[in-house]
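*Asks:* Here's a structure for you.
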Amino acid sequence: MAHQTSILIVEDELMLLDVLHDEFANAGFKVSTAKDGVEGLALAKANKPDVLLIDILMPKMDGITMLKEMHKDEGLKQVPAIILTNMNESQTIQQALENGVYDFLAKTDWNPKDLVKRVKEKLGV
């Protein structure tokens with residue numbers, strides 16, 4: 001049986017989290033979700049996803065901190081991360097890029113179907 005691509009979506013806007021979960025599940029991904037960086041980090045360590053979709057501004061632990069923590073774990077260092085955010089500050093983008101972010105998407109610039117397509121292109125699936 002072929003490997004099912006797994007994605008971990010870390011997003012505190014529950015409506016958006018549900019929409020993204022459904023879009024990626026319908027596209028054939030194995031989907032895990034978390035509502036904050038602490039939960040996201042625990043799930044990343046437990047599940048070792050193929051790709052990470054992560055918000056920056058979240059309760060408990062923000063996305064940049066979560067990425068920094070992931071990079072301390074040899075098994076998670078190589079997981080490509082795509083940042084979803086309402087922020088477009090160059091300093092935040094720079095911080096994200098320094099922490100191995102694969103792509104950076106403003107929430108206002110995409111719809112869920114386009115996002116699934118973009119992730120698939122990035123992963124070559």
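*Asks:* How do 30-43, 112-125 rank on mean C-beta neighbours within 10 Å, highest first?
*Replies:* Taking the mean over residues of other Cβ atoms within 10 Å, the ranking is 30-43, 112-125.
*Asks:* What distance in nm lies between label points placed 7 Å from Cα along the C-beta direction at Ala42 and Glu74?
*Replies:* 2.6
*Asks:* In this model, which of Lys72/Lys120; Lys35/Lys77; Lys77/Lys113; Lys72/Lys117; Lys48/Lys122; Lys60/Lys122 are farther than 24 Å apart at the alpha-carbon?
*Replies:* Flagged as over cut-off: Lys72/Lys120; Lys77/Lys113; Lys72/Lys117; Lys60/Lys122.
*Asks:* Same structure, new question: Taking 0.36 nm per residue of separation and subtracting the Cα-Cα distance, what length does fully extending Leu57 through Lys30 add?
*Replies:* Length gained, Leu57 through Lys30: 7.3 nm.
*Asks:* Let me ask another. Work through the residues other than Leu41 whose Cβ is under 11 Å from its Cβ and net out their charges, Lys, Arg +1 and Asp, Glu -1.
*Replies:* 0
Read-outs: derived from the displayed coordinates by stated rules, not from any lab. On a predicted model such as this, the values are computed, not experimentally measured, just so you know. Because the Cβ atoms are built from the backbone with ideal geometry, glycine has one as well, and the counts that use them run over all protein chains shown.
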